[in-house]
1. Based on this model, can you work out whether Ser362 counts as farther than 28 Å from Gly117 by Cβ and among the hydroxyl-bearing types (Ser, Thr, Tyr)?
2. Look at Val153 and say whether it is over 27 Å from Ser521 (Cα atoms), in contact with a Gly (Cβ under 8 Å, 6 or more places away or on another chain), outside the structural domain of Ala287 (by TED's automatic domain parsing) and outside any loop (DSSP other than H, G, I, E, B).
3. If Arg127 satisfies all but one of (1) closer than 24 Å to Val56 by Cβ; (2) surrounded by fewer than 24 Cβ atoms within 10 Å (Cβ to Cβ); (3) out of contact with any Asp or Glu (no Cβ under 8 Å at 6 or more places or on another chain); (4) not small (Gly, Ala, Ser), what's the number of the condition it fails?
4. Tell me the residue from Gly431, Gly447, Gly459 that is in contact with a Gly (Cβ under 7 Å, 6 or more places away or on another chain), assigned by TED's automatic domain parsing to the domain that holds Thr385 and either on the phi > 0 side of the Ramachandran plot or assigned to a loop (DSSP other than H, G, I, E, B) (or both), please.
5. I'm checking my understanding of the structure. Among residues of region 467-484 that are of a type outside the set (A, V, I, L, M) and in a helix (DSSP H, G or I), which one is farthest from Gly365 (Cα to Cα)?
6. Hey, can you tell me all the residues within region 489-510 that are assigned to a loop (DSSP other than H, G, I, E, B), buried (at least 20 other Cβ atoms within 10 Å of the Cβ) and basic (Lys, Arg)?
7. Pairs only if they're at least six apart or on different chains, beta carbon under 7 angstrom, first in region 59-83 and more than 15 Å from Leu6 (Cα to Cα), second outside any helix (DSSP H, G or I) and of a type in the set (Lys, Arg); list them, first residue then second.
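The values are calculated or read from the model by the stated rules, or taken from the named source; none is laboratory data. For clarity, every value in this text was computed on a predicted model and none was experimentally measured. Glycine gets a Cβ as well: all are built from the backbone with ideal geometry, and neighbour counts include every protein chain shown.
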Amino acid sequence: MNALGLAPLILIFPVIGVLFNALFGAAFVNTDRKVGEKWSGWFATLMAFASFAIVVLLAIGLRQNEFHREIIYLFDWIRIPSFDFYARWAMQIDTLSVTMMLVVTGVGSIIHVYSIGYMHGDRNFSRYFTYLSLFLFFMLILVSGSSYLVLFVGWEGVGLCSYLLISFWFSRVDKDGVWMNANAGRKAFVVNRIGDFAIILAIILTFYTFSTLEFEPIFEQAIEIFQSGEEVVLFANETFGTPGVTVGLGTVLTIITFLFLIGATGKSAQLILHVWLPDAMAGPTPASSLIHAATMVTAGVYLIVRSNVLYELARASGVTVIGNLTSSDVVALVGASTALYAALIAFTQYDIKKVLAYSTISQLGFMIAAAGMGAYVAAIFHLITHAFFKALLFMAAGSVIHGMEHGHHEVAHEGGHDDPDFDPQDMRYMGGLKDKMRATFWPYLIGALALAGIFPFAGFWSKDEILAHASANQGNYNVFLIVYIMLTLAAMGTAFYMARQLRMVFWGKPRSEAAGHAHESSRLMTIPLAILAFFGVVAGLFNLPRFGGTAVLPQTDLILEKWLEHALLVFELAEERVLEVPHTPTSLQIDVAGISLALALIALLGGFYLYRNKPQTAADPDPTQKIPGLWSFFGRLPLNTLYMRGIVVLFNRFTHWLAGPFEWAFWHDFVHDRLIRDQFVAFANFMANVIDQYGVDGIVNGVGIVTARFAGWVRQSQTGFARSYALSIFLGAVLLLVYFLWPFLTGQ
């Protein structure tokens with residue numbers, strides 16, 4: 001049997017996991033928690049590993065099939081003959097979808113194992129694994145669908161699962177009585193609906209343009225129309241007699257791709273729809289690791305890469321969105337702006353998970369920028385490496401939080417001082433954990449160095465490929481120079497805030513009793529960290545560039561590019577000279593790599609120096625809030641001391657303004673809470689208290705009142721006396737007689 005025929009099993013296994021935990025998981029856990037947790041957690045984990053094994057077989061099957069894509073038809077889904085609309089549910093198995101499925105199921109399986117240890121003792125243990133399996137199911141639908149419509153089902157499904165997992169501990173309130181998790185889940189759901197509305201519009205316009213929503217027919221038609229130079233007719237319908245509107249293909253594709261960007265902005269947390277992701281850290285840490293770092297948030301990147309033909313045709317058409325910027329240029333600038341903006345915000349965060357959350361937003365900006373510049377392989381390469389080291393960092397952060405919580409409980413049990421402001425996620429209460437949690441520290445260090453882009457860790461290779469692409473093509477595409485500068489600065493900022501986090505969490509002396517009593521997590525949590533740390537080191541081999549035009553390790557020479565070129569049609573179009581596509585250098589660009597590595601090392605060492613033994617207590621100010629000693633040192637060099645200090649003061653105030661008044665007070669509190677949430681609640685109250693109560697209820701109740709009164713009036717004629725009924729019959733007979741004799745009596 002052809003291995004590709006096993007594709008439906010990757011969806012069936014997670015469904016089995018959902019059904020098992022939804023129907024029987026709670027009963028197992030409540031009957032015997034020790035045994036029940038093993039059944040609930042390990043069964044869901046086994047289903048995840050089973051899906052991963054099937055995806056591995058699919059990858060082998062593709063290689064045996066000479067990398068030709070395969071469409072696995074499942075069933076007819078929607079049939080509307082009057083509009084000539086037929087949608088089928090099918091899976092597209094090609095190198096791009098299999099790559100995404102390997103990431104989803106591979107990283108997902110490791111996080112399932114970690115979750116068994118992390119969620120131990122939670123009263124809703126089985127519900128958590130139900131949601132986790134459901135997420136895998138919808139994420140696999142998203143990346144395996146053969147059409148935009150099937151992709152959108154998975155798109156909405158992972159949004160639902162994100163809401164469920166962010167709000168998992170929905171009953172938790174903070175010291176002010178605010179429902180933290182419930183509000184965070186609601187914010188994520190509302191913000192994502194904005195992007196989803198744009199996706200719906202894009203899908204509708206795509207169907208009206210190409211009369212199908214299947215990927216390959218759309219791309220083939222678009223290429224054919226582009227080569228012929230014809231225009232497209234939209235909204236023509238013989239049934240309604242509408243002649244349609246004639247529009248150039250470039251204009252249509254620019255609108256579609258711009259709408260796709262808005263959708264990706266919501267799902268992949270780009271400016272200005274990024275506000276939901278930091279709050280999403282309220283959910284369980286393993287869920288943050290899987291959904292909000294490694295998989296779901298990359299759906300927007302996948303959407304743009306999957307639509308590579310449409311974006312390149314829109315670029316080639318020359319139709320602009322703003323000024324001289326094509327939709328692809330806007331994608332690149334949005335990504336670069338997000339990368340730099342989020343990196344600056346991360347400077348001033350104290351929550352260990354929020355630093356990583358803004359880091360995720362920043363790294364997603366790198367991927368979106370790469371896709372916007374036409375570096376589709378580089379975008380997926382960074383997606384893969386980021387999935388490993390960011391999942392590692394979130395899980396290691398969860399291990400730190402776990403250790404801090406246990407240390408806090410131990411202090412309370414021993415009758416120690418209980419700080420009312422203690423927060424197990426606040427880095428100001430940590431410190432000195434390097435020696436107490438070694439099995440967590442070393443993987444965390446590897447993940448941090450990979451994220452910072454330090455040679456030879458995975459992040460260095462994938463981030464460098466994006467920067468090399470921007471640098472190599474800046475002569476032909478002016479916007480690429482701006483993108484290159486912004487991404488380089490963002491990479492430098494990444495190294496600094498990771499140095500800050502490492503110093504505050506692991507070095508120095510414990511700044512709280514909980515940190516002094518923290519201890520290592522269980523092996524169920526630390527072994528997955530070791531596995532991900534291994535990939536954080538070696539994942540760069542997946543697309544190792546050539547050195548001086550020669551492959552140093554032939555077996556690892558551009559593996560990912562050679563693999564993905566079979567699914568990315570732009571490679572074929574560029575080879576046939578149908579399109580001029582920005583080319584990514586296949587050799588290591590020593591100048592670009594040297595500059596980025598040097599800046600990263602300067603920022604990393606600067607961060608380590610700046611945070612040496614600071615802060616010493618939880619109440620001490622952060623070094624970035626005052627003139628740092630490092631900058632004072634440089635001020636003694638033959639430079640203008642006042643100028644250097646002025647830059648530092650302005651920079652610190654700027655980053656704190658971004659994090660405080662602009663990010664939270666404006667975007668989070670004003671835009672989301674006042675403009676979106678309050679207006680939505682006011683509209684809902686108006687609909688419920690006015691329209692529904694006085695409109696709908698008024699009409700229904702009014703009809704009832706009129707009917708009751710009429711019935712009461714008619715009832716008065718029903719006396720029950722035979723004489724009354726006889727009189728009624730007599731009067732009726734007289735009226736009938738008059739009716740029939742009236743023409744004769746009047747002579748008519």
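1. Numbers: farther than 28 Å from Gly117 by Cβ: yes; among the hydroxyl-bearing types (Ser, Thr, Tyr): yes.
So Ser362 passes the test.
2. Answer is yes for this residue.
3. Of (1) closer than 24 Å to Val56 by Cβ; (2) surrounded by fewer than 24 Cβ atoms within 10 Å (Cβ to Cβ); (3) out of contact with any Asp or Glu (no Cβ under 8 Å at 6 or more places or on another chain); (4) not small (Gly, Ala, Ser), only one is false for Arg127: (1).
4. On inspection, the qualifying residue turns out to be Gly431.
5. Filtering region 467-484 down to residues of a type outside the set (A, V, I, L, M) leaves 469, 471, 473-478, 480, 484.
Next, only the ones that are in a helix (DSSP H, G or I) stay: 469, 471, 480, 484.
On the way: His469: 15, Ser471: 17, Phe480: 14, Tyr484: 12 Å.
Top of the filtered list is Ser471.
6. none
7. As it stands, the answer is Asp76/Arg88; Trp77/Arg88, since those pairs meet every condition given.
The rows are residues; the columns are (1) under 30 Å from Arg428 (Cα atoms); (2) modelled with pLDDT under 85.
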residue: Thr556; (1), (2): no, yes
residue: Val592; (1), (2): no, no
residue: Leu601; (1), (2): yes, no
residue: Pro615; (1), (2): yes, yes
residue: Ala619; (1), (2): yes, yes
residue: Thr641; (1), (2): no, yes
residue: Arg645; (1), (2): yes, yes
